[in-house]
Amino acid sequence: MAASPRPQLAVLSQGRAAVYEEPSGPSGVRIRERPRTEPGPGKVAVAIKAASINHLDLWLAHGAQRVTPPRVIAADGAGVVEASTVDAWRPGDEVVVYPVVCDWECPACRAGQNVMCPGFGVLGEHTDGTACELFHIDARNIFRKPKDLTWPEAAAFPLTFLTAWRMLTTRARVKPGEKVLVVGAGAGVAVAAIQIAKHLGARVFATSRSEAQRKRAIEAGAESAFNSADFSKAVREATGGVDVVFEHVGPATLGESMRSVVPGGRIVLCGSTSGVKAEIAMARLFWGQLDLLGSTMGNAGEFQAVLEAIDQGVRPVVDSVYPLSDVEAALRRLDAADQFGKIVLSVS
Ligand SMILES: [Zn+2]
């Protein structure tokens with residue numbers, strides 16, 4: 001039987017919701033009303049206070065993700081438990097959503113490797129998402145909201161901090177005192193990387209095309225920030241080469257990233273916003289003893305570690321907050337790439 005690789009599709013986005021309806025870019029995402037129901041067994045109903053958007057939502061809106069509409073967008077959400085079918089959560093509990101879709105039951109999930117689940121996916125892409133008033137989800141996807149965060153901050157961190165945390169810890173194994181270069185510093189995941197690398201005791205550097213974003217990167221904890229054009233020369237002059245490059249841009253920057261590291265350096269990648277294929281200088285890879293490390297999202301245990309880092313003072317950066325009804329304007333801001341940090345939708 002052609003079983004769905006994602007058995008856990010019972011995520012339900014209810015009430016007013018931002019729905020991807022046609023691949024026309026931001027204008028293809030519209031506010032619609034969906035019926036409300038009680039949560040099924042093992043599920044929790046969360047009244048969403050805030051959701052945040054990621055580049056993924058923009059690709060979806062442009063029709064680049066091969067997702068058949070309609071689909072409620074957004075992976076990130078925070079809110080208050082409205083109804084629960086499990087003992088762990090009660091109405092009134094303030095929670096955030098772990099943005100990974102998985103079955104929670106396969107050998108990988110049981111071993112704590114949710115990212116290796118055959119049913120692995122992302123909320124708002126492989127299921128309906130969090131940009132809605134009431135969100136029903138598996139109770140295992142619910143975590144306590146860090147108490148010091150505002151609702152927009154609580155909705156701002158899950159996907160980007162989870163992604164950056166796994167990249168810098170599990171994958172690149174950043175150690176205190178190491179030099180980490182974060183390219184494309186305005187993106188939400190890059191801003192998260194600056195803060196996490198700093199938290200891990202690394203020396204942090206950044207690149208951006210925009211002077212305003214370079215200034216913000218320094219305010220967020222980078223020692224210095226370089227113009228994106230041919231950045232490797234400036235990086236090597238200033239640092240002698242970095243130990244780790246945090247990459248999410250891809251073809252436009254990968255060559256420069258590989259030229260920015262010391263021998264034995266690591267380049268860790270979670271995305272490729274500038275295109276789907278890149279050419280690499282093979283000799284630089286093997287002669288330089290370099291590691292190219294792929295990564296996406298993170299495990300529930302890594303999400304827990306992010307929550308602990310936030311308790312220790314790491315703070316997400318919110319670029320701007322739009323009411324849910326202005327989701328099109330929020331997507332346009334992301335499309336313009338002028339943001340620094342996360343663009344949040346205020347739901348209630
Ligand atoms: Zn699984």
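The values are calculated or read from the model by the stated rules, or taken from the named source; none is laboratory data. Treat the numbers as computed from the prediction; the structure is a model and nothing was measured. Methodologically, a virtual Cβ is constructed for each residue, glycine included, from the backbone with ideal geometry; neighbour enumeration extends over all protein chains shown. Just so you know, the surface numbers come from the protein's heavy atoms only, side chains and all, with ligands and any DNA or RNA stripped out. Shrake-Rupley method; radii C 1.70, N 1.55, O 1.52, S 1.80 Å.
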Restricting the search to segment 223-245, which residues are closer than 20 Å to Phe340 by Cα and open to solvent by 10 Å² or more (accessible area, probe 1.4 Å)? Glu223, Ser224, Ala225, Phe226, Asn227, Ser228, Ala229
Odd one out for Ala88, checked against (1) open to solvent by less than 40 Å² (accessible area, probe 1.4 Å); (2) more than 13 Å from the ligand (Cβ to nearest atom); (3) in contact with a helix residue (DSSP H, G or I) (Cβ under 8 Å, 6 or more places away or on another chain): (1)
Here are some residues: Val115, Val97. Which one is open to solvent by less than 30 Å² (accessible area, probe 1.4 Å), modelled with pLDDT of 95 or more, under 16 Å from the mean Cα position of the chain (by Cα) and within 15 Å of the ligand (Cβ to nearest atom)? Val115
Quick one: what pairs do we get from segment 101-122, first residue closer than 23 Å to His55 by Cα, second more than 8 Å from the ligand (Cβ to nearest atom) and basic (Lys, Arg), C-beta under 7 Å, 6+ apart or different chains? Val101/Arg6; Gly119/Arg6; Gly121/Arg6
When segment 246-264 is checked residue by residue, the ones that are of a type in the set (Gly, Ala, Ser) and either open to solvent by 40 Å² or more (accessible area, probe 1.4 Å) or within 19 Å of Ala190 (Cα to Cα) (or both) are Gly250, Ala252, Gly255, Ser257, Ser260
Return a yes/no flag: does segment 219-226 have any residue that is touching a residue at least 60 places away in the same chain (Cβ under 8 Å) and touching a Leu at 6+ places or on another chain (Cβ under 8 Å). no
On the basis of being acidic (Asp, Glu), modelled with pLDDT of 95 or more and closer than 20 Å to Gln195 by Cβ, does Glu308 make the cut? yes
Note: among Arg216, Arg140, Arg203, just one is within 21 Å of Pro99 (Cβ to Cβ) and surrounded by fewer than 24 Cβ atoms within 10 Å (Cβ to Cβ), namely Arg140
Restricting to segment 65-81, name every residue that is surrounded by fewer than 24 Cβ atoms within 10 Å (Cβ to Cβ) and either free of Cβ contacts under 8 Å to residues at least 12 places away in the same chain or farther than 16 Å from Gly121 by Cβ (or both). Arg66, Thr68, Pro69, Pro70, Val80, Val81
Here is a check on your reading of the model: is Gln195 within 30 Å of Val242 (Cα to Cα) and within 16 Å of the ligand (Cβ to nearest atom)? no
Please verify whether Ile48 is out of contact with any helix residue (DSSP H, G or I) (no Cβ under 6 Å at 6 or more places or on another chain), in contact (Cβ under 8 Å) with a residue 24 or more places away in the chain and buried (at least 24 other Cβ atoms within 10 Å of the Cβ), treating the condition exactly as stated. yes
Single unsatisfied condition, Glu178 versus (1) modelled with pLDDT of 95 or more; (2) closer than 16 Å to Arg315 by Cβ: (2)
Criterion: within 16 Å of the ligand (Cβ to nearest atom) and either at positive phi or surrounded by 22 or more Cβ atoms within 10 Å (Cβ to Cβ) (or both) - qualifying residue of Leu168, Leu123, Leu159, Leu181: Leu123
Per the list (1) within 16 Å of the ligand (Cβ to nearest atom); (2) in contact with a helix residue (DSSP H, G or I) (Cβ under 6 Å, 6 or more places away or on another chain); (3) at pLDDT below 95, residue check on Val67 breaks on (1)
Anything in segment 126-154 that is touching a helix residue (DSSP H, G or I) at 6+ places or on another chain (Cβ under 9 Å) and within 16 Å of the ligand (Cβ to nearest atom)? List them, or say none. Arg140, Asn141
